[in-house]
Structures are given as structure tokens and as C-alpha cells.
1. More than 21 Å apart: what percent of Cα pairs in the range 136-262 qualify?
2. If you rank Thr260, Thr103 by how much accessible surface each has, with a 1.4 Å probe, what is the order from largest down?
3. May I ask you to evaluate 6.51 cos²θ - 1.76 cosθ + 1.60, the Karplus curve with θ = phi - 60°, for each residue of the range 297-308 and list the ³J(HN,Hα) values in order in whole Hz, giving x for glycine and proline?
4. If Cys220, Cys294 are ordered by their accessible area, calculated over protein heavy atoms with a 1.4 Å probe, which sequence runs from highest to lowest?
5. How large, in percent, is the carbon and sulfur part of the accessible surface of the range 183-279 at a probe radius of 1.4 Å?
Amino acid sequence: MLFKQQALLRQKLFVLGSLAIGSLLYLVARVGSLDRLQPICPIESRLGPPHLPEQIPLRTLQYKRGLLHELRKGNATKEQIRLHNLVQQLPRAIIIGVRKGGTRALLEMLNLHPAVVKASQEIHFFDNDQNYARGIDWYREKMPFSFPHQITIEKSPAYFITEEVPERIFKMNSSIKLLIIVREPTTRAVSDYTQVLEGKERKNKTYHKFEKLAIDGNTCEVNTKYKAVRTSIYTKHLERWLKYFPVEQFHIVDGDRLITDPLPELQLVERFLNLPSRISHYNLYFNATRGFYCLRFNIVFNKCLAGSKGRIHPEVDPSVVAKLRKFFHPFNQKFYQITGRTFNWP
Ligand code: A3P
């Protein structure tokens, strides 16, 4: 009897011991992988073989991210950059707009692709005369380091509406790919207003109501001098671009669908950029607290966009909304006709 009890106790101790060792090993593995994400760890540990395969598997994302982070911080030596053929490349695709269309979400989501490297900041090279005067080498130096087979993408939504930009981009690269992300024009205008309103409130300044800005008080018509309204007349801006680039060089992204169901939109962009399909359901998960899709790079690294994306819009007088929608309608029709992409905008 005593012997039996002792055997049982030994068995229990063995099971408990195994569990403890298993947990310990798991923790060590987790800490190890977390450690690899820390920017301070030596770069050598992350430098892989110089000859990467044509299509980088998704699991190398963490490596890519860590390496680029170090390079941006200036931690990589010239030797390492040379050894791994790392280059600062001019963008082969640009998200030219539209402001508040979801440009940041699109850039971040495309950056999930192992063959895409994003320029983190809006560079404003082509729309800012001072920056433009600094020359193309200045622009190139703003780009992240990448492997030669990767493509660099930048986004500056002001490009879409700035007069001089199409010609300037054409002079840099006449075959560049241009991405435009649009939302239903009235919603976009309200989103634009909301961003400016928040800026004013932060500075303790007062601001007009959306209705007062969007509707001309004298004529009671839509105020086309109001920038948020003008920006939403997509076809007007696009027509300026079409003087330089054929329509095939543009891809229109549905910004409303990117919010509710991003993957199909991203797959269309992958195809447009001639990239193998690599972004999957795994990389995008809906975060109920945030109310948006967030990004999953790997088992330990995921992120949502900043809180400045997805602001609550003020309520707008329905008669003003109706007036704006009626106003945008013919421009929208023309936009569908030119681009070949139709939306269910009212
Ligand atoms: P709202 O703030 O009006 O909701 P941009 O980056 O061009 O400024 O666009 C901002 C818009 O991106 C936000 O507008 C938001 O709706 C939209 N968006 C799309 N996908 C998003 C995502 N996954 N997380 C946060 N915002 C997203």
C-alpha cells in the first residue's frame, strides 16, 4: 500500500516537473524571440545570407523590419550595407492621395509584404518647392535601405491636389506606378474637416461648423472654395495627372472597403504592382476595441494605427449631406468612367 502511494507520488512529481520544465523552455523561447525584436541587439545577428531568394518568405519580415530599423538609426556600417547590397531606392510606386482616404493604412498594410519597403514619413518632395529645390539625391536619401529586388513606396497625399506634382514625378520616372485611395467624397470631406477641427481645438482655437464652411451663406450652394470640398472632386485632380500619365499607370483603391474588408483591396494592389500574393488573413485581424483592422507581422509583433486615424466625425445636418452628395454625383460618374472603377456612392 505504502509502496503504491509512493509510486503515485513519484508519478505526480514527474508530471509536475515535466510541466515546469516545458513552461520554462517556452518562456525562454518567447523571451528569445522578443529579444530579437529589440532594436539594440547587434545587427550582425540579423544579417542573413547575402543572396536572398526572389520571393522572401513571410517569416523573414521580422528580420527585415529589425534590419531596416537599425539602418534608419544609422547603426549599420557602410561595410554591412555594401555586403548585403542594400540600397536607398527611389520609389517605384507612390500613394499620391487622397488625404483622409486611408493613405496611412494602405501604406502600412502594403509594408506587410516582404518585397515592399515603406518610407515612414511623408516626404513632401514634389509638392514643397523648398524640398524639390534640394534635388533628387536629397529625395533618395530620405528613402529607407532595401534589398535591390524590393520596391520602395512612399505616400504624400498632398501630391494628388498640388498643381506642379504630376510633371515633377513624370520627370523623375515616367513609368512609375501611382496609387490613389478614395472614399465616398462627402465622408472624406467630413473626415478632412474633423482633422483640421482637432488641430484647432488642440490650440484652443475656435472653428466654424462644417455646414458653414461647406455651404456658401449667400448662395446656399456648395462652397467650392472650401478645400475639403475641392479635394473630394477627384476627377478634377485626376484629369491634371492624365496629362502626363496614361490611366493604366494608376490604381484606384476603395478606401471604404479597406476599412471593412482590407484583404481583397490589398490583393488587387499586389497584382497591380506585379508582386506575388503574400499578404494574407493572418496579417490582418479585426480589433473590436479599436474598431479597425490591425496588422500582424508575426506571432509577437502586431500593431494598430495611431489614434489619430479613425476619429469620431461630428454630426452633419442631413440636408447639407444631401446637398453635397448631389453636388459630387456628376463628378463621381466621370471618375468611374475614366478609371473604370465604380463605387456605390450615393
Ligand atoms: P477617419 O479618421 O475619418 O475615420 P489618412 O491616413 O489618409 O489620413 O486616412 C485616415 C482614415 O483611414 C481614417 O479616417 C480611417 O477611417 C481610415 N482607415 C482605414 N483603415 C484603417 C485602419 N486599419 N485603422 C485606422 N484607420 C483606418
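1. I get 55 percent for the Cα pairs in the range 136-262 exceeding 21 Å.
2. Solvent-accessible surface, decreasing: Thr260, Thr103.
3. 8, 6, 4, 10, 10, 9, 7, 9, 5, 4, x, 6
4. Result, largest first: Cys220, Cys294.
5. 49
The values are calculated or read from the model by the stated rules, or taken from the named source; none is laboratory data. What you are looking at is a predicted structure, and each value in this text was computed from that prediction instead of being measured. When the accessible area is computed, the model is the full protein with side chains, heavy atoms only, and any ligands, DNA or RNA have been set aside. Shrake-Rupley method; radii C 1.70, N 1.55, O 1.52, S 1.80 Å.
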